Amino acid sequence: MANARGLERGAVTVNECTQQLLRDQTKVMSLLPGGLTAVRGEFAKGDVILIETANGDIMGYGRAEYGAALAQELLGQKNQPELIHYNYLFLEG
């Protein structure tokens, strides 16, 4: 994942709460659709996707557990399967 820049097939935007949770280095977190505010591009399961903040800053990259269509359908919903498992999540800086 650390070398994923330029290989992404799509992007997701996370809300402020999710952004803070992902940056908390005392916890290991997967990215769930409840924390998403937008899905961009066409990606499939296994594709690398970009993770962005609401103001467009790049947070990192991850490997999608399902495609863009399902991610869009689950957007903002709680108690749904993770979009990016923490083992396949890379956060910058």
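Rg and Dmax, both from the Cα atoms of the chain and both in Å, are 11.5, 33. 3J(HN,Hα) couplings calculated from phi for the stretch 61-72 with the Karplus curve 6.51 cos²θ - 1.76 cosθ + 1.60 (θ = phi - 60°) are, in sequence order, 9, x, 9, 5, 8, 7, x, 4, 4, 5, 4, 5 Hz; Gly and Pro show x.
Arrange the peptides 46-57, 21-32 so that the one whose residues have, on average, the most other Cβ atoms within 10 Å appears first.
Top to bottom by mean Cβ count within 10 Å: 46-57, 21-32.
Karplus-based coupling profile of the stretch 35-41, in residue order and whole Hz: x, 9, 10, 7, 10, 10, x, with θ = phi - 60° in 6.51 cos²θ - 1.76 cosθ + 1.60 and x standing for Gly or Pro. Solvent-accessible surface (1.4 Å probe) assigned to Tyr86 amounts to roughly 110 Å².
The values are calculated or read from the model by the stated rules, or taken from the named source; none is laboratory data. Just so it is clear, the structure is predicted and the values come from calculations on it, not from any experiment. We place every Cβ from the backbone using ideal geometry, glycine too, and count neighbours over all the protein chains shown. In case anyone asks, the SASA skips ligands and DNA or RNA and just uses the protein heavy atoms, side chains included. Shrake-Rupley method; radii C 1.70, N 1.55, O 1.52, S 1.80 Å.
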